[in-house]
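Quick notes on the structure that follows.
The values are calculated or read from the model by the stated rules, or taken from the named source; none is laboratory data. Predicted, not measured: the structure shown is a model, and the values here were computed from it. Glycine gets a Cβ as well: all are built from the backbone with ideal geometry, and neighbour counts include every protein chain shown.
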Amino acid sequence: MGLAALVMAWMTPVLAAEPLVVGTSNDLVKVTSHFTGRELLVYGALSQPGQVIVLLRSPAATEAMSRKTRTGPIWLTGARVTVTGAPGIWEMLSSAPADQLLPLATRQLLGLDHGHLSRQASYQPEPADVAAWQQAFLKNKLRRGDYVVQSQGVHIKGGQLFSARMALPASLPLGRYTLDTFLVRHGQVVARQEQHIEVQQTGFQAWIARFASQDGWLYGIVLTLTLAAMGLGLGIVMQRRLN
């Protein structure tokens, strides 16, 4: 018996009660100082034929943007805005183009339209040409791989088993991520499963962050003394070299 048959045999009792069963390779991602990214495998089974959309999104993040202006031959930093309210990471994989599976209003309601996310975000101080900033924000997110759209990213086998591989970038924001899986038929969502992925910092950096958060006054003293000692040591070394 093949692997697919074994998985299907194991999931059959569950599918009798649930139209959509979803699992992941990990529900906890540990970020260390050497973290270079990770792959998240999403898999599952369908009780009825259909198309599948998988959406991963991080908590809302704050991002600073600036615009370059040209003065003669020199490029200078011009206007600046702070963007809030949009997820730091947004990845949508589907078995067919999402705009062919669901109408625009439904996609926007379910958070399946990244253009809508950029328009819903807040830009402060609010620029006069906010539409241009929205386009630039979305373009930067797509270019960096923070926002991903793969219209053939979900593979369905035999009409019942599906899998998707999501690439998590190295610059992964911490927090609780939401993973939504949708079963779509005839332009409608007939089943939906929501799960959560925890992205946590571990190791020495996590200890420093907890120390600074829980004992801020003590952290400030230790940091000041450490910097003073480093400055004193550097001064002694330079003095010896000069002598």
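Condition check: touching a strand residue (DSSP E or B) at 6+ places or on another chain (Cβ under 6 Å), in the same structural domain as P169 (by TED's automatic domain parsing) and touching a residue at least 24 places away in the same chain (Cβ under 8 Å). Does E91 satisfy that? Considered against the rule, which asks whether it is touching a strand residue (DSSP E or B) at 6+ places or on another chain (Cβ under 6 Å), in the same structural domain as P169 (by TED's automatic domain parsing) and touching a residue at least 24 places away in the same chain (Cβ under 8 Å), E91 comes out as yes.
Of the residues screened, L117 is not one that is touching a residue at least 40 places away in the same chain (Cβ under 8 Å) and within 24 Å of H196 (Cα to Cα).
Considering region 42-62, and only residues there that are among the small types (G, A, S) and crowded, with 20+ Cβ neighbours inside 10 Å, the residue that is nearest to G145 (Cα to Cα) turns out to be S58. When region 120-135 is filtered for residues that are in contact (Cβ under 8 Å) with a residue 40 or more places away in the chain and buried (at least 16 other Cβ atoms within 10 Å of the Cβ), the ones remaining, listed by number, are Y123, P127, W133. Pairs are defined by a Cβ separation below 8 Å, a sequence spacing of at least 6 or placement on different chains, a first member in region 32-52 that is of a type in the set (F, W, Y), and a second member that is surrounded by 12 or more Cβ atoms within 10 Å (Cβ to Cβ) and part of a strand (DSSP E or B); the pairs so defined are Y43/V22; Y43/G23; Y43/T24; Y43/L161; Y43/F162; Y43/S163; Y43/A164.
Sub-7 Å Cβ pairs linking a first residue in region 136-151 that is more than 15 Å from E63 (Cβ to Cβ) to a second residue that is among the charged types (D, E, K, R) and surrounded by 16 or more Cβ atoms within 10 Å (Cβ to Cβ), at least 6 apart or interchain, are V148/E91, ordered by first then second residue. The single residue among D99, D113 that is surrounded by 18 or more Cβ atoms within 10 Å (Cβ to Cβ), charged (D, E, K, R) and within 22 Å of the chain's Cα centre (by Cα) turns out to be D113. Listed by position, the helices (runs of 4 or more DSSP H) contained in region 51-140 that have at least 3 residues being over 30 Å from K157 (Cα atoms) are 114-120. Taking region 29-59 as the range and being within 20 Å of L93 (Cα to Cα) and of a type in the set (A, V, I, L, M) as the test, the residues that pass are V29, L40, L41, V42, A45, L46, V52, I53, V54, L55, L56. Scanning region 63-85 for residues that are within 19 Å of L117 (Cα to Cα) and exposed (fewer than 10 other Cβ atoms within 10 Å of the Cβ) returns a single hit, A64. Quick check, is A170 modelled with pLDDT under 95 and either aliphatic (A, V, I, L, M) or touching an Asp or Glu at 6+ places or on another chain (Cβ under 9 Å) (or both)? In short, yes. The residues in region 116-137 that are within 14 Å of the chain's Cα centre (by Cα) and at pLDDT 95 or above can be counted, and the count is 0.
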